[in-house]
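Q: For reference, the structure I am asking about is given below.
The values are calculated or read from the model by the stated rules, or taken from the named source; none is laboratory data. Since we're looking at a predicted model, the values are computed, not measured. Reconstructed Cβ throughout: ideal geometry from the backbone, glycine too, with neighbour counts over all protein chains shown. Note: accessible area is taken over every heavy atom of the protein model, side chains too, but ligands, DNA and RNA are not part of it. Shrake-Rupley method; radii C 1.70, N 1.55, O 1.52, S 1.80 Å.
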Amino acid sequence: MAVGEAVTKKRKSKVAPWTQALERVPWWALILILIGVYISYSILNSETYHDTFLFLSEGVKTTILLTVVSFAIALVVGLITGFGRISDNIIVYNIATFYVEVVRGIPLLIQLLYVAFVVVPLAVQGLNAAGSFLVNLGPAGFLAFVGEPLANVNIQNVNMLYRAIFGLALGYGAYEAEVFRAGIESIERGQMEAARSLGMSYWQAMRYVILPQAIRRVLPPLGNDFVAMLKDSSLVSALAVRELTQLAKLNRARTFRSFETYNTAVFLYLAMTLVLSIGVKVLERRMSGGK
Amino acid sequence: MNGESVVQITNVHKTFDNVVRALRGVSAHVLRGEVLVVIGPSGSGKSTLLRCVNGLEKVDSGQVVIDGTDITAPKVNINKVRAEIGIVFQQFNLFPHLTALENVTLAQKVVRKRSKEEAEEVTRELLEKVGIPEKADNYPSQLSGGQQQRVAIARAMAMNPKVMLFDEPTSALDPEMIAEVLDVMLDLAKEGMTMMVVSHEMGFARAAADRIIFMDEGRIVEEGTSSKFFENPDHQRTKKFLSKILH
Ligand SMILES: Nc1ncnc2c1ncn2[C@@H]1O[C@H](COP(=O)(O)OP(=O)(O)O)[C@@H](O)[C@H]1O
Ligand SMILES: [Mg+2]
C-alpha cells in the first residue's frame, strides 16, 4: 500500500506537468483536422481525388437542397401536429397521435420506400380519379380545365426527389411534433392563463406569448434534428436520388476506387455537419443572449 | 355607487376531479365602484371563485353575470368578456420574453386594436401611475417582485376593465414590498375602480373594503361591511379565523 502510494505520487509529481498538458490536447480534433488537410490536399493535387470530388459535389448540392426543403416542411408538419397533440378536440388529437406513433415506430428507410412506392402512387391515383370525375361532370370549360391535368398526372412523372422530400419530411415531422409539443408544454400554465384573461384568443396567446418562449427552448433539439436529417438523407439513395451517398456508390462502380470515393464522401459529410453544428450553436447563443 | 352589479354570482358549484368540492353553492355580487374583499383559509375556494368570474374555470352549475353578460351561457364570447375583466395573480405571470412596456402594450394592440403609439402612451401613463416609469424597458427578470406585480396591475388596467380581480397579490412578495403594491391598489379603490380582492392584508381591507366575505370549505360563511366584520362578526369560525390572521 504505502509503497504503491509512494510510487504513484512519485510518478505524478515527476511526470505530471507535461502528461497533464498532453491529456488536455483534443487529439481527436487534431487527427480529424490532419485527415481533413490530407484530403483537401489530395483533392487539389491527386487526379483521382479531384475527379471524385467533382463527381460527388453535384450530390452535395442535392443533399443540401433535400435536407433544407425536407426540414422546412418537417417543421411545418411538426408544428401543426404538435398543436394536434395538445388539442382538446379528440379527433384532432387522435389523428395527430396516430401519425406520430406510427412514424416513430418504423425505420426511416421503410418509411421512405413506403411513401415513394405506396403513398405517392395512391395519391396520384386519387388525383387521376378526381380529375376524371371533374371532366366527366360535363364539358363545362372550368371543370375540364382543372380536371384534365389532374386526370393525366402520371406516376412516372413524379420525380423521385419529390418523393424523397415528402418521405423525409413526413418521417421527421413526427419527431419535430414531439419537440414542439414538449416545448409548448414546458411553458408554465400561468402564461396561457394571463394571456387569455387579457382577452386574447387561444391562437393569439400561442402566437404572442407561448410560442416565442417555446421556440427558444426547442431550438437546441431542432438544431440537432437538422444535423441528424442531413445524415439520414443518405438513406434516400435507396430511391436512387442522386444525392451524395448515391453518387458515391455510382462513383465507386464507375472507377472501382473505393478508398478515395468513400474518403471523399466522409470528408464532405463531416464538413457539412461541422459547419451546421457550429451554425446551430451560434444561432442558439444569439437567441438566448437576446433574452 | 348606483347599485347595479358588475359581478353577479348565483349559486355556483365547482368540483374538481369529481371529488374536490371547491365551491358548494356560492352567491355573491360586486356593485359598480365597490371593493369586495374575500378572505378565508387556504383551500376554501377563493381562487376558484375568482377564476370562475373570468371563466378560467368553468362552473358546474350556477350563473356568473358580468355587467349584464351571462358568461356561463353556452354561446358566450368569452374572449370579449375577459377583455373587460382584469385579473392580477399571486405569481404575477408577466411575460418573461417581453419588457415591462411590451407586457402592458401587447393585449392593447392585439385585443383592443390600439395603434402602437396609442398603446405606448397609455402604458407610460400607467407605469407612471404605479410608480415605475423608469422600468419600462426592463425585462421582468430585472425587476423586484413588487415592481413585477405593479407591472401586472398596469397590464390589467390598460384594458380599461370594468372590474379588477386580485388573487392574493401580495402573498408571494417579500414583506418590504407589500406596501408598494397595496398603495397602488388603494389608489385604484379611491378612484372608484370596481374590485374583488382575495387578500389577508387586513390593513388594506380596513382601508379599502366596502364589504368583506369570509369563505370556508367552498361556502360563504359570513358577509358584512368591513367595520361590522372586524368588530362584531356573527360566526364563531369567522372570529377564530380573524384572531389567527390578526396576530
Ligand atoms: N385545478 C385544480 N384541480 C384539482 N383541484 C383543484 C384545482 N384548483 C383548486 N383545486 C382544489 O380546490 C380547492 C379550493 O382551492 P382554491 O380555490 O385554490 O382555494 P384557495 O384559493 O382558497 O386557497 C382546494 O382543495 C384545491 O386543492
Ligand atoms: Mg388561492
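Q: Please specify each residue of segment A:141-160 satisfying the condition of being assigned to a loop (DSSP other than H, G, I, E, B) and either over 25 Å from A:V118 (Cβ atoms) or open to solvent by less than 50 Å² (accessible area, probe 1.4 Å) (or both).
A: Result: A:V153, A:V158.
Q: Write out, first by first residue and then by second, each pair whose Cβ atoms fall under 6 Å of each other, whose residues are 6+ apart or on separate chains, and whose first residue, in segment A:39-56, is hydroxyl-bearing (S, T, Y) while the second is open to solvent by 20 Å² or more (accessible area, probe 1.4 Å) and part of a helix (DSSP H, G or I).
A: Note: pairs meeting the criteria are A:T48/A:E260; A:Y49/A:E260; A:T52/A:E260.
Q: Just to be sure, is A:A96 under 26 Å from the mean Cα position of the chain (by Cα) and either open to solvent by 50 Å² or more (accessible area, probe 1.4 Å) or closer than 30 Å to A:V266 by Cβ (or both)?
A: Against the criterion (under 26 Å from the mean Cα position of the chain (by Cα) and either open to solvent by 50 Å² or more (accessible area, probe 1.4 Å) or closer than 30 Å to A:V266 by Cβ (or both)), A:A96 does not qualify.
Q: State yes or no: is A:R196 touching a residue at least 60 places away in the same chain (Cβ under 8 Å), within 14 Å of chain B (Cβ to nearest Cβ), more than 13 Å from the chain's Cα centre (by Cα) and part of a helix (DSSP H, G or I)?
A: No, not satisfied.
Q: If you check every pair at least six apart or on different chains, which have Cβ atoms under 9 Å apart with a residue in segment B:179-208 that is within 16 Å of ligand 1 (Cβ to nearest atom) first and a residue that is open to solvent by 40 Å² or more (accessible area, probe 1.4 Å) and assigned to a helix (DSSP H, G or I) second?
A: Between residues of segment B:179-208 that are within 16 Å of ligand 1 (Cβ to nearest atom) and residues that are open to solvent by 40 Å² or more (accessible area, probe 1.4 Å) and assigned to a helix (DSSP H, G or I), the close pairs are B:V198/B:S47; B:H200/B:I245.
Q: Filter segment B:44-67 down to the residues that are more than 14 Å from chain A (Cβ to nearest Cβ) and under 18 Å from B:N18 (Cβ atoms), then identify the one that is most open to solvent (accessible area, probe 1.4 Å).
A: B:D60
Q: Now a separate question. State whether the residues of segment B:101-111 include one that is more than 14 Å from B:V198 (Cα to Cα) and either touching a Gly at 6+ places or on another chain (Cβ under 8 Å) or within 16 Å of ligand 1 (Cβ to nearest atom) (or both).
A: Checking segment B:101-111: at least one residue is more than 14 Å from B:V198 (Cα to Cα) and either touching a Gly at 6+ places or on another chain (Cβ under 8 Å) or within 16 Å of ligand 1 (Cβ to nearest atom) (or both).
Q: While we're here: Taking helices (runs of 4 or more DSSP H) that fall entirely within segment B:174-247, which contain at least 3 residues that are out of contact with any Lys or Arg (no Cβ under 8 Å at 6 or more places or on another chain) and either among the hydroxyl-bearing types (S, T, Y) or surrounded by 15 or more Cβ atoms within 10 Å (Cβ to Cβ) (or both)?
A: B:175-190, B:202-208, B:236-246
Q: Could you tell me which numbered condition B:E118 fails, if it satisfies all but one of (1) crowded, with 17+ Cβ neighbours inside 10 Å; (2) more than 26 Å from B:R32 (Cα to Cα); (3) free of Cβ contacts under 8 Å to residues at least 40 places away in the same chain?
A: Of everything listed in (1) crowded, with 17+ Cβ neighbours inside 10 Å; (2) more than 26 Å from B:R32 (Cα to Cα); (3) free of Cβ contacts under 8 Å to residues at least 40 places away in the same chain, B:E118 misses just condition (1).
Q: Filter segment B:74-95 down to residues that are under 15 Å from B:R150 (Cα atoms) and open to solvent by 60 Å² or more (accessible area, probe 1.4 Å) and give me whichever is nearest to ligand 1 (Cβ to nearest atom). Before you say what the answer is, go through the steps one by one.
A: Pass one, segment B:74-95, residues under 15 Å from B:R150 (Cα atoms): B:86-95.
Next, from what is left, pick out any that are open to solvent by 60 Å² or more (accessible area, probe 1.4 Å): B:90-91.
Numbers: B:Q90: 9, B:Q91: 13 Å.
The residue in question is B:Q90.
Q: Still on this model: Given the conditions (1) in contact (Cβ under 8 Å) with a residue 12 or more places away in the chain; (2) within 16 Å of ligand 2 (Cβ to nearest atom); (3) among the hydroxyl-bearing types (S, T, Y), and given that B:S61 satisfies all but one, which numbered condition is not satisfied?
A: (2)
Q: Next question, about the same structure. For segment B:153-190, which residues satisfy the criterion of being within 16 Å of ligand 2 (Cβ to nearest atom) and within 12 Å of chain A (Cβ to nearest Cβ)?
A: Once the filter is applied, which keeps residues that are within 16 Å of ligand 2 (Cβ to nearest atom) and within 12 Å of chain A (Cβ to nearest Cβ), segment B:153-190 yields B:L165, B:D167, B:A172.
Q: Considering segment B:73-96 alone, what residues qualify as being touching a residue at least 24 places away in the same chain (Cβ under 8 Å) and part of a loop (DSSP other than H, G, I, E, B)?
A: Matches in segment B:73-96: B:A83, B:E84, B:F89, B:Q90, B:Q91, B:F92, B:N93, B:L94, B:F95, B:P96.
Q: What are the residue pairs meeting all of these: first residue in segment B:1-30, first residue farther than 18 Å from B:T225 by Cα and hydroxyl-bearing (S, T, Y), second residue open to solvent by 80 Å² or more (accessible area, probe 1.4 Å) and assigned to a strand (DSSP E or B), Cβ atoms under 8 Å, and 6 or more apart or on different chains?
A: Partner pairs satisfying both residue conditions: B:T15/B:R21.
Okay, residues lined up against (1) of a type outside the set (K, R); (2) touching a His at 6+ places or on another chain (Cβ under 7 Å); (3) surrounded by fewer than 17 Cβ atoms within 10 Å (Cβ to Cβ); (4) on the phi > 0 side of the Ramachandran plot:
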| site | (1), (2), (3), (4) |
| --- | --- |
| A:S234 | yes, no, no, no |
| A:V241 | yes, no, no, no |
| A:L244 | yes, no, no, no |
| A:A248 | yes, no, no, no |
| A:R254 | no, no, yes, no |
| A:S258 | yes, no, yes, no |
| A:L268 | yes, no, no, no |
| A:M287 | yes, no, yes, no |
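Q: Scan the strands (runs of 3 or more DSSP E) fully inside segment B:1-72 and keep the ones with 3 or more residues being within 15 Å of ligand 1 (Cβ to nearest atom).
A: In segment B:1-72, the matching strands (runs of 3 or more DSSP E) lie at B:5-16, B:20-31, B:35-39.
Q: Search segment B:151-173 for residues being more than 16 Å from ligand 1 (Cβ to nearest atom) and open to solvent by 40 Å² or more (accessible area, probe 1.4 Å), and hand back the single one that is nearest to B:T48 (Cα to Cα).
A: First, pick out the residues of segment B:151-173 that are more than 16 Å from ligand 1 (Cβ to nearest atom): B:151-164, B:173.
Those still in the list that are open to solvent by 40 Å² or more (accessible area, probe 1.4 Å) too: B:160, B:162.
Working: B:N160: 24, B:K162: 20 Å.
The extreme case among them is B:K162.
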